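To start, the structure itself, in structure tokens.
The values are calculated or read from the model by the stated rules, or taken from the named source; none is laboratory data. Because the structure is a prediction, the values reported are computed rather than measured. Every residue, glycine as well, gets a Cβ built from its backbone with ideal geometry; the counts of neighbours run over all protein chains shown.
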Amino acid sequence: MLTIEAGADGIVVVKGRLDAAQAAHAQGFLDQVSGTVTLDVAGLEYISSAGLGVLLKTQKRLMGSAGKLRLAGMSPHLRDIFVYSGFDQLFEIEPAR
Amino acid sequence: MDSRVPHPRLSALDLEAILGVTTALAQPFDLTTMLAEVVNAAKQVLKADRGSVWLYDPAKEELVLEVATGIPAVRVPATAGLAGACAQSRAIINVPDCYADRRFDPRVDRESGYRTRCMLTLPLIDHRGALVGVMQVLNKAGGVFDAGDETLAAALAAQCAVALQRVRMTEALIEGERMRQQLELARDVQMSTLPSAMPAIPGYDLFGTSRPAEQTGGDTFDMIPTQRGLVVVLGDATGHGIAPALSVTQMQAMLRMAFRLGADLATAFRNVNDQLAATLADDRFITAFIGVLDPRTHRFEFHSGGQGPILHLSAATGACTSHRPTSFPLGAMPLANLRPSVTLDMQPGDAVLLLSDGVYEYQDPDGQAYGEARVEAIARSHGARSMAALAARILADVEAFARGAPQQDDVTLVLVARAPATAARRFARRVDALPALFAFTAAFFAEHGVDVALLSPVDFAIEELFTNMVKYGRPGRDEVELALARIAGGVDVALTDYDVEPFDPTQAPDADVTLPIEQRAPGGLGIHLTRRLVEELEYRYVPERREARISFRKRSDPARQGGA
């Protein structure tokens, strides 16, 4: 299961599992955002390569108009995936609070 | 059969037409032919001037006129006109005078120049109760449609609905089969680009293998000897179906081309990345390890785009170092700044293990992933055996771990090992040769940094096994070979005796160390202790060469001592 919705202060909150089955749903939501968007991933339990593809596609689109995705609240497990896939070099990751 | 409405006018000709429809509909043909067949039969049986079948498109909520004799195809909302009304109510609508019915849409007539008088409209419902389409017949010869025509038309409609569904299913099957064939072809192309034999690089043991998953996966690997050294590639494209299979093949071709043209590692990595970034879909990328091994300097320089972990097993320490990727996956974005490459110093016996995530993420039936720790444990305990054997051990362990859980992703292993430091010398098969054996062993330990704490048990075992050979060896070639190999955390030892009868000291019974001293014989105790001091004591006899070989290994890793 995956929920993705607009939270307070324009932050997008994503929770659950972002796998191949949920990728289209997440992409549909993220296709609507613009500018610089903070994605709260504290509740994101799992991400597959299909999920990374969704974030990548969104990042490319936003960067095309001087915006970007900023990831906040990343768990150590998620951080490992970003580091091991080199995706930490593609996204601004807010330090854990 | 619906027998509520009697049908007194069913002529032999009508019956023949309906039976003709049934027969025609049972034959496999395409949708257009089938619909034309139904409409022609309906016209004949109902003595109608024209007929048409609207197909229902549930995705768009539209009715599609695929066949109408003399009228081109059109799409209308599934609520429009008499056909729409029938689709909504799913009941037969019999209109004797269309221009008096508000639901009738006269535009079709205006466009075609035809004049519709009366019309019978029937829903086509499949056996699961889903609406498939709507059939219409117009202008009955010499009058209007009556209750008898309705019954007849309903029978035809039922035939038509079933046949329609069958044709659609057949088409879906054909489409599925076509997809499967295309996928198979793409996989064949992908697999055919894998090296069929490993290049021979003196002083190195190379092994690569890829086991494709049934449906998906985009793994590739390559080993290309070039001027700069051996190029080693492991790639994994994201996604499912044909696209990843084709994109890794594309990447592999680009890399081969780049290195053949003399590109250095960074140039090849950067250019292939940027080219892939320009051609791959926005949400696709390829994780890839690209390394260049110089077999003269033993430096293994690599860039890794999101491909990790990269495991480096050190023979000297027995430790496994896990390296991170140097960059993001290939094709994710054009490269602005490429971080420095990483260079591994390949010492004798060192191995680099590159495994696709199909290994690390292989799940058992409980959803547990195979993980990195298991690979490291096998690598550390493997020692100086061949990389083909190490790959087989890892694959067997993954299979055991899976307990029958299906392979979801491609599984690819690329193993690169530098030959271990070895030394061998022949010694006279005489007890007074022992000091020379000990000197040889000590020198090997010192030269290759083997833990000196291992020297005593190794010497003990060598002495015991050597003296056994002296004692039981028959006259012949009076030499014994002592071979040493540096392995992770220790040493591999083999003594080979030539031109002898088989005699396996490892089968000697254990000495009974509980007997009182006066009952104990000196024999047997040496082997008894050897078995406890060293690991993997093995005897092999080759009858053709009358050759007896006894080997063991000794490692300082305390975790390994427990089971010995």
Is it the case that some residue within the stretch B:315-332 is aliphatic (A, V, I, L, M) and facing another protein chain (nearest Cβ under 10 Å)? yes
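Confirm whether B:I290 is touching a helix residue (DSSP H, G or I) at 6+ places or on another chain (Cβ under 9 Å), within 14 Å of chain A (Cβ to nearest Cβ), over 20 Å from B:T343 (Cβ atoms) and buried (at least 18 other Cβ atoms within 10 Å of the Cβ). If you could, list the steps in order and put the result at the bottom.
Details: touching a helix residue (DSSP H, G or I) at 6+ places or on another chain (Cβ under 9 Å): yes; within 14 Å of chain A (Cβ to nearest Cβ): yes; over 20 Å from B:T343 (Cβ atoms): no; buried (at least 18 other Cβ atoms within 10 Å of the Cβ): yes.
Considered against the rule, which asks whether it is touching a helix residue (DSSP H, G or I) at 6+ places or on another chain (Cβ under 9 Å), within 14 Å of chain A (Cβ to nearest Cβ), over 20 Å from B:T343 (Cβ atoms) and buried (at least 18 other Cβ atoms within 10 Å of the Cβ), B:I290 comes out as no.
Identify all residues within the stretch B:181-211 that are over 17 Å from the mean Cα position of the chain (by Cα) and on the phi < 0 side of the Ramachandran plot; write none if there are none. Break it down stepwise before answering.
Applying the first criterion (over 17 Å from the mean Cα position of the chain (by Cα)) to the stretch B:181-211 yields B:196-207.
Answer for the stretch B:181-211, where residues must be over 17 Å from the mean Cα position of the chain (by Cα) and on the phi < 0 side of the Ramachandran plot: B:S196, B:A197, B:M198, B:P199, B:A200, B:I201, B:P202, B:Y204, B:D205, B:L206, B:F207.
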Across the stretch B:338-377, what is the number of residues that are under 18 Å from the mean Cα position of the chain (by Cα), surrounded by fewer than 19 Cβ atoms within 10 Å (Cβ to Cβ) and assigned to a strand (DSSP E or B)? 2
Report, by residue number, each residue of the stretch A:72-91 that is surrounded by 18 or more Cβ atoms within 10 Å (Cβ to Cβ), outside any loop (DSSP other than H, G, I, E, B) and within 14 Å of chain B (Cβ to nearest Cβ). A:I81, A:F82, A:Y84, A:F87, A:D88, A:Q89
Of (1) closer than 26 Å to B:A377 by Cβ; (2) modelled with pLDDT under 90; (3) surrounded by 13 or more Cβ atoms within 10 Å (Cβ to Cβ), B:M469 fails just (1)
Has the stretch B:240-256 got any residue that is over 20 Å from B:V414 (Cα atoms), of a type in the set (A, V, I, L, M, F, W, C), modelled with pLDDT of 85 or more and in a helix (DSSP H, G or I)? no
Out of all the residues in the stretch B:297-308, which are surrounded by fewer than 22 Cβ atoms within 10 Å (Cβ to Cβ), within 16 Å of B:G203 (Cα to Cα) and in contact (Cβ under 8 Å) with a residue 24 or more places away in the chain? B:H298, B:R299
So B:V375, is it in contact with a Cys (Cβ under 9 Å, 6 or more places away or on another chain), in the same structural domain as B:P309 (by TED's automatic domain parsing), of a type outside the set (D, E, K, R) and within 27 Å of B:P199 (Cβ to Cβ): yes
From (1) in contact (Cβ under 8 Å) with a residue 60 or more places away in the chain; (2) buried (at least 20 other Cβ atoms within 10 Å of the Cβ); (3) out of contact with any Phe, Trp or Tyr (no Cβ under 9 Å at 6 or more places or on another chain), pick out the condition that doesn't hold for B:L122. (1)
Could you check, for the stretch B:132-146, whether at least one of its residues is surrounded by fewer than 21 Cβ atoms within 10 Å (Cβ to Cβ) and part of a helix (DSSP H, G or I)? no
Within the stretch A:54-71, of all residues that are hydrophobic (A, V, I, L, M, F, W, C) and more than 10 Å from chain B (Cβ to nearest Cβ), the one farthest from the chain's Cα centre (by Cα) is A:A66
Can you name the number of the only condition in (1) outside the structural domain of B:A83 (by TED's automatic domain parsing); (2) in contact (Cβ under 8 Å) with a residue 40 or more places away in the chain that B:V134 fails? (1)
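Residues are listed down the side, and each one gets a yes or a no for (1) touching an Asp or Glu at 6+ places or on another chain (Cβ under 7 Å); (2) small (G, A, S):
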| position | (1), (2) |
| --- | --- |
| B:F145 | no, no |
| B:A154 | yes, yes |
| B:E184 | no, no |
| B:S196 | no, yes |
| B:P199 | no, no |
| B:G208 | no, yes |
| B:V233 | yes, no |
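Does B:T226 satisfy the condition of being of a type in the set (V, I, T), surrounded by fewer than 20 Cβ atoms within 10 Å (Cβ to Cβ) and either at pLDDT below 90 or in contact with a strand residue (DSSP E or B) (Cβ under 7 Å, 6 or more places away or on another chain) (or both)?
On the way: of a type in the set (V, I, T): yes; surrounded by fewer than 20 Cβ atoms within 10 Å (Cβ to Cβ): yes; either at pLDDT below 90 or in contact with a strand residue (DSSP E or B) (Cβ under 7 Å, 6 or more places away or on another chain) (or both): no.
When the stated conditions are applied, B:T226 does not pass them.
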Residue count, the stretch A:34-53, condition more than 18 Å from A:M1 (Cβ to Cβ) and away from chain B (no Cβ under 14 Å), comes to 5
